[in-house]
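Presented below is the structure to which this report refers.
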Amino acid sequence: MDSKLLEGVFDIVRTHFDTRGEGKVREWRTVEQVTEALDVAVSDEGMDASSLLQTIDVYLKECVNTQHPLFLQPLWGGLSEAGFAGEVATILANTSIYTWELAPAATIVEQELVRALAAQAGWPQGEGTFTSGGSNANMLAMLLARDRMFPDAMDKGVDGTRLAVFVSAECHYSLQMSAHVLGIGMEGVIKVATDHHGVMCMDALQEAIISSERTPFCVVATAGTTVRGAFDPISKIADLCDEHGLWLHVDAALGAPCLFSPELDHLMAGVERADSLTWDPHKLMGVPLTCSTLLTPHKGALAATCSYVQSAHYLFHVPGEEYDLGRTSLQCGRRVDSLKLWIEWKAVGTDGWRERVERYVALAAQLEWMIESDENLELCSPRVFTNVCFRWLEPGLAGHDLNKFNEAVRQEILERGNTMVSLAMVDGKAILRPVICNPAANQSSLDALLAEVHEVVAIIRAE
């Protein structure tokens, strides 16, 4: 059975890769239809190889085709052959990366990639760890900031309700999750006003820090906000953090790859002054999900925050202490997510990352121009990166009714399944937000997207 199953799976994989740009992005199904198609219930009796292969094939057909050139909804997309090969090797090795003893090759690979990513941020002696996602990287950063403010927190605890972290009003929701987990509470997440570009206002940040009734300990700058793709001014925020003695974390889960490009790295000017950085290679770099990192220039900070691992005498031994990556991670069992990034980097080189992010931004700029050239469409926020925010201007509608119309447009697009874009709110406007971060996206993708919007509007009008 094992041989037949594996050979069959490889055939399915080959077919899936060969046809990934064909058909629809998603076949619209109800919950009941998907449940029935999958025959989802488990049973006492096992299946033979043929039945299992059929089940896998059905599962893939019911999935969203995230490799399609018109998959433009989230901050990630596509799947490269090199990254996929790295993922296969990761699964085949089936190791957990908490000790050198168990993961010698993986340890060396992860250390090299942490060094390479940190160097891009201007930290030649930086350290870091791969996390289970950008959300957990942000939480770890906040934990490092808390521990610097309260060095005894690990042993004695700390009243988190006394603390305040300052974030952009358009920050990622994971910062609220982090405050919840760390006992700070969401009331301790002080959202700072942004300007009409979605950029954090410095006067508002200064006032929020000075007037806070809590103890400020951290500021989070966002480099590539989820909706607009806006970049907060890191250098100016660093000045305020220096003035008030605060930890500066940069959530660059989306925007960090602009550091590869001399044309775009100005967007993250000052990042070398930060205390920590979130970087998700599974976003613009096209590495298979999940691949996220938390980086810091402070040698020993991660080891100090995770020093409780010393009690795990059943895992951590000498020699090898200086290589045990479990000593700098919140996780014990941890996948080797660095391997697929390493294989992809080996395949494309640093120049390949530069070319990729510059191509994405060029495509986004082209889409911006196409929208501004269309009298039926409104660009709802100035574009600075790969996110494009726009809506349909229906004659005779305004305010809430225009929002409802654009919500209906997006729902019809979703159900037709030819493309996928996000629905979001910008300055009270319901907008469509494609993001150009899929390696398969091209000019034809942009043409097809706007043609789909026009066709859907015609359908809605005719109803």
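What follows draws every value from the coordinates through simple rules; no lab data is involved. This one's a predicted model, so the numbers in the text were calculated from it and none came from an experiment. Cβ atoms come from the backbone with ideal geometry, glycine included; neighbour counts cover every protein chain shown.
Hey, fewest Cβ within 10 Å first, where do Arg383, Arg214 land in order?
Going from least to most buried by this count: Arg214, Arg383.
What are the ³J(HN,Hα) values, in whole Hz, obtained from phi via the Karplus relation 6.51 cos²θ - 1.76 cosθ + 1.60 with θ = phi - 60°, for each residue of region 398-407 in sequence order, with x given for Gly and Pro?
Calculated HN-Hα couplings, in order: 8, x, 4, 5, 5, 4, 4, 5, 5, 5 Hz.
Using packing as a proxy for protection, rank 248-256, 14-22 so that the peptide with the highest average count of other Cβ atoms within 10 Å comes first.
Highest mean packing first, the order is 248-256, 14-22.
Neighbour counts of other C-beta atoms within 10 Å: give me Leu295, Leu113, Leu5 arranged from fewest to most.
Lowest to highest Cβ neighbour count: Leu5, Leu113, Leu295.
Run down the lysines and flag those whose C-alpha is under 20 Å from the C-alpha of Lys340, throwing out any fewer than 8 positions away in its chain.
Qualifying lysines at Cα under 20 Å: Lys283.
With both bridge residues required to lie in the chain, what share of the DSSP beta bridges run antiparallel, to the nearest 5%?
Given both bridge residues lie in the chain, the antiparallel proportion sits at roughly 55 percent.
With the Cα gyration tensor of region 2-63 giving a ≥ b ≥ c as the square roots of its eigenvalues, does the rule (a/c under 1.5 for rounded; else a/b larger than b/c for prolate; else oblate) give rounded, prolate or oblate?
oblate
For the ranges 140-151, 26-37, what's the packing order if you count other beta-carbon atoms within 10 Å of each residue, average per peptide, and put the highest first?
140-151, 26-37
Just how large is the dipole of region 240-397 about the Cα centre, in debye to the nearest 20, putting +1 at every Lys and Arg Cβ and -1 at every Asp and Glu Cβ?
With only Lys, Arg, Asp and Glu charged at Cβ, the dipole is about 700 debye.
For region 85-344, rounded, prolate or oblate, judged on the Cα gyration tensor with a ≥ b ≥ c (square roots of eigenvalues), a/c < 1.5 rounded, else prolate if a/b > b/c?
oblate
Between Asp155 and Ala204, how many nm apart are label points set 7 Å from Cα along the C-beta direction?
Placing both labels 7 Å along Cα→Cβ, they lie 4.2 nm apart.
Take Lys340, Lys191 and order them by how many other Cβ atoms sit within 10 Å, fewest up front.
Neighbour counts put them in this order, fewest first: Lys191, Lys340.
By the gyration tensor of its Cα atoms, with a ≥ b ≥ c the square roots of the eigenvalues, what is the shape of the chain: rounded for a/c under 1.5, prolate for a/b over b/c, or oblate?
Oblate is the answer for the chain, as a/c is 1.5 or above yet b/c matches or exceeds a/b.
Where the centre of each part is set by its Cα atoms, how far does region 112-132 sit from region 1-67, in angstrom?
The distance from the Cα centre of region 112-132 to that of region 1-67 comes to 37 Å.
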